[in-house]
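Structure, as C-alpha cells:
The values are calculated or read from the model by the stated rules, or taken from the named source; none is laboratory data. Quick caveat: nothing in here was measured; it's all calculated off a predicted structure. Don't worry about glycine lacking a Cβ; one is built from the backbone with ideal geometry, like all the others, and counts go over all protein chains shown. SASA here: full protein model, heavy atoms, side chains in, ligands and nucleic acids out. Shrake-Rupley method; radii C 1.70, N 1.55, O 1.52, S 1.80 Å.
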Amino acid sequence: MHRPWLRERVAGPGQTQAQAFQPLVHSVTALTDALRFNLRTAILAQVVDRNAHLAAAAGLVDDFRRTGDLGLLDRAIAMFRAAADTGNLGTALLSRFEHSGRRADLDEGLSLLRQLAIHSGVTIDRLCWLAQAYEHRHRLDGAGADLDAAITLCRTGADRAGPADDLAMLRHVLGRCLRERYRADGRLADLDAAIVAQRAAADGHPLRAGLLVNLAEGLRAHVERCGDADSLREGIAAADEASAGLPATEALRADALHHAGVLRRYRYERTGAVADIEAAVRCLREAVTDPANAADRADSLGIALIRQFEVTGDDAPLAEAIEAQRHAVAATPSGDPNRPRRVTNLATALRDRYLHFADLPALREAVDLLRATDDPQCRSTLGIAAQDMWWRTRDAAWADEAVASARAAPEPDPVRARHTLANALRCRFAARGAPDDLRAAIDLLEQVLRDTAYGTQDHSRCLGNLGGAWLEAYQRFDDPAALDRAIAMLGRAVRADGVAAPQRAWYQQRWAQALGRQFDRTGDPAVLRRVTAAYAAAAANEATTPMTRLLAASDWADAAARSQDWATARAAAGLAIDLVPYVTSRRLARSDREYGLTRLSGVAADAAACALQTGAVEVALRWLEQGRGGAARADAGVPQ
C-alpha cells in the first residue's frame, strides 16, 4: 500500500530517505552482531561443558580399569548416557557386561555400536568392541552366526585400516574368534589363520607378554591336532616369554605357566627327555596355585606327575597325581563334557598305583569310577582295567568285559583303539584259549605298528606288545618262526629311543624270556649270556615296579646258575630277597600282601641254593628265614 505520509514523517527537512533510515540500520546491525556473539558464546560454552563432561566420564572409566570398582563405571555410563555419546556408552556397557555378566548391558551395547556402524561408521577401536560383543553373545547363545559376524568385522577393519591405525587388538580378537570357531567345527584353516593373527598381534606390542599367552594356546591346539615339532617349539618359547614377562599377580601368568607345562609334557612324550617332564611339573605346580580354571590345571598337573612317576618309580609323584586328579574330578560338575576325560585320568592314576604296588582296592576304585561314569570316552580305559582284573583274579568274565569295552569305545584315535582291542583279545586268549583271538590280536598290532610314528613311545609300546603276542603264539603253537618274530620285536622295543624307564624294564624282561626259549631250543651259550644280561638290566632298573624287579632278579639268578656262574647268581638272588619287603609292605591291604607272596613262591629257596653253592651257609639260612616270614612278618612292619 502506498503511504506517502510515512516518508514525509520519517524524512526530516533536507534529508533523503536513505539518510533517514541509516541510524535504524546501524541499530539493527549492532543488535544482530550482539545476538550472534551471545549465541556463539553460549554454544561454545555448551561444547566446552560437554567435552569436560565426557572427559570426566572417560577418567572414571580409566579409574575403573585401574581399580576394578564397578561404581566408577556406573557413574561413567550415566554421564555418557546424559551426553548422548553413543560410542562411549556402548563400549562402557560392554565393559560392565564383562565384569558383571548383565545380559542387558551386552544387548544394549551391541545395539548402540551396531547403529553407529550403520549410520556414521566407527573407528577401528569401536569396531573391535563390536566384534567382541558378537563374540560374547556367541558364548552365551552358541549362535555360529554371531561368531561369523565377529570374524567378518575384524577382517573388514583390518582391510580398511590406515597406516596410523593400531591393529594389534583387532588381530587379537580375530585370532580368538577363529580359534573358537575351530573348536566348534574343527576347520584347520581357522586354527592356522588364528595363529597368524595372534602372532601379528603380539609382534612388537607393549602388551606382548599378555598377547603371547593366546598365541601359546593356539599353538598348543595345533600340536594337539597335528603334532608338528615347529608348533611345539614355538609354543614353548611363547609360553616361557609370556610367563617371564608377566607379574606374579597377573592372572594371565598362570595361563602361560599352564601352557608351558602341558607343551613340555608333550615334548617329553615325544623325546623322553627327563628335563622336560621335570620342568612341566614345576610349571604346573605353580599354575594350580591360581584358583581360576582349577579343574583343568589340576588335571594337567596330575597327568604330568604320572609321567614323572613313570620315569622315577617314586611313589610320591604318583600319590600327588592321584590327589590332583581327585581334585579335578571333584571340581567338574556331572554334566560337564570334560568330566569323562578327567574321570579317565583319575582311573589311570589309580591303575598305575595297582601296577606299582599290587594295590587291588585302587584298581577296583578305578573300575567303579569308569563304570559309574558310563560314558563312551571311559570305555577304552575300562577295557584296560578289566584286563588287569583278569590277570589278577583269573576270572574269565573280566577278559570278556575287556573285549566288549574295547569294541564299544569310540574311535577319536583309531590307531590307539585298535591297540587297546588287540591287548584285550590277547587277554581273552589267555583266559579262554581261542586261537582266533590271538591271531586277530597279532593282525591288529601289525596294523598299529604300520600306522604309528617311528621313534614315539606309542611305537615302542606296540613293538613290545607285538613281541609279547608272538611269544604267546610260540608257546601255544611251538612255531620257531613265531619265536624269531618275538625276539626281533622285543629287541627293537628294548633298543628304541624315548622309552620310559619302567616300560623298558618290562621289554627287557619279556625279551629275556623269549631269548630263554631260544636257548632251550639251541643250547647256545651266547644266547644264555644275552638272557642273563637282559634280566640283569631289568632287575637294576629302579624306576620300574618292585615286583617287576624282584621277578627279573630271580630269573637273572636262574640264568646265571644255568651257566654255573654262582657268584653272579648269589648277587642276583640277594637283590631279589632285598626287594621282598617292598611287595609285602604294611601299606598294602592284607590280600595284596598275600598276593605278592604267592608270586614269590620258591624265590627264597632258590636264593638259598645259590648261596650254598658259594659256601655261604649262614646267608642261605637267613634268606630261607626271610622267605618264611610271609604275611605275619609283613604285618609287623618292614622298613621301606
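Which value, in Å² rounded to 10, gives the accessible area of L624 with a 1.4 Å probe and all protein chains present?
60 Å²
Counting only protein heavy atoms and using a 1.4 Å probe, what share of the accessible area of the stretch 51-162 belongs to carbon plus sulfur, as a whole percent?
Carbon and sulfur atoms account for 50 percent of the accessible area of the stretch 51-162.
For the stretch 461-537, report the convex hull volume of the alpha-carbon atoms normalised per residue, in Å³, without decimals.
70 Å³
List, largest first, the extents of the alpha carbons of the chain along their principal axes, each in whole Å.
The principal-axis extents, from largest down, are 160, 48, 41 Å.
Normalised by the residues of the chain, what does the relative contact order come to in percent, with Cα pairs under 8 Å and at least six apart?
After rounding, I find 5 percent.
Of M169, M79, which has the most accessible area and how do the rest follow, probe 1.4 Å?
M169, M79
Please sort 435-441, 490-496 by packing, taking for each peptide the average over its residues of neighbouring beta carbons within 10 angstrom, highest first.
490-496, 435-441
Given a 1.4 Å probe and heavy atoms of the protein chains only, how would you sort T29, T373, largest accessible area at the top?
T29, T373
Could you state the number of Å between the C-alpha centres of the stretch 182-221 and the stretch 55-99?
29 Å
At q = 0.11, 0.16, 0.20 Å⁻¹, what log₁₀ I(q)/I(0) does the stretch 230-338 have when each alpha carbon counts as one equal point scatterer in the Debye sum?
Listed by q, the Debye log ratios stand at -0.33, -0.70, -1.03.
If one computes the Cα centroid of the stretch 300-315 and of the stretch 481-511, what distance in Å separates the two points?
Spelled out, the Cα-based centre of one part sits 22 Å from the other.
Heavy-atom accessible area per residue, the chain, 1.4 Å probe: how many Å²?
48 Å²
Looking at the stretch 122-191 from every direction and averaging, what is the projected area of its Cα convex hull in nm²?
4.4 nm²
Could you order peptides 281-293, 253-265, 60-72, 550-562 by the average number of other Cβ atoms within 10 Å of their residues, highest first?
The most tightly packed comes first, giving 253-265, 550-562, 281-293, 60-72.
Can you report the principal axis dimensions of the stretch 129-170 using only the alpha carbons, biggest first, rounded to whole angstrom?
36, 13, 11
Calculate how large, on average over all directions, the projected area of the Cα convex hull of the stretch 395-551 is; give the answer in nm² to one decimal.
9.6 nm²
Could you state the angle between the C-alpha long axis of helix 457-477 and the longest principal axis of the C-alpha atoms of the chain, as a value from 0 to 90 degrees rounded to the nearest 10?
Orientation of helix 457-477: about 30 degrees from the principal axis.
Considering only protein heavy atoms and a 1.4 Å probe, what is the carbon-and-sulfur percentage of the accessible area of the stretch 358-482?
49 percent
Hey, can you grab everything whose amide H is under 5 Å from the amide H of A273? Only 5+ residues off in sequence or another chain; H modelled, so Pro and N-termini drop out.
Amide H neighbours of A273, under 5 Å, 5+ apart: none.
With N residues in the stretch 61-206, what two-decimal value do you get for its Cα radius of gyration over 2.2 N^0.38 Å?
For the stretch 61-206, the normalised Cα radius of gyration is 1.06.
Output the peptides 456-462, 446-452 sorted from most to least packed, where packing is the average of other Cβ atoms within 10 Å over each peptide's residues.
456-462, 446-452
Enter the angle in degrees (range 0 to 90, nearest 10) between the Cα long axis of helix 144-160 and the first principal axis of the Cα atoms of the chain, meaning the one along which they spread out most.
60 degrees
Roughly how tilted is helix 124-141, in degrees to the nearest 10 and between 0 and 90, from the longest Cα axis of the chain?
The helix 124-141 is inclined about 50 degrees to the chain.
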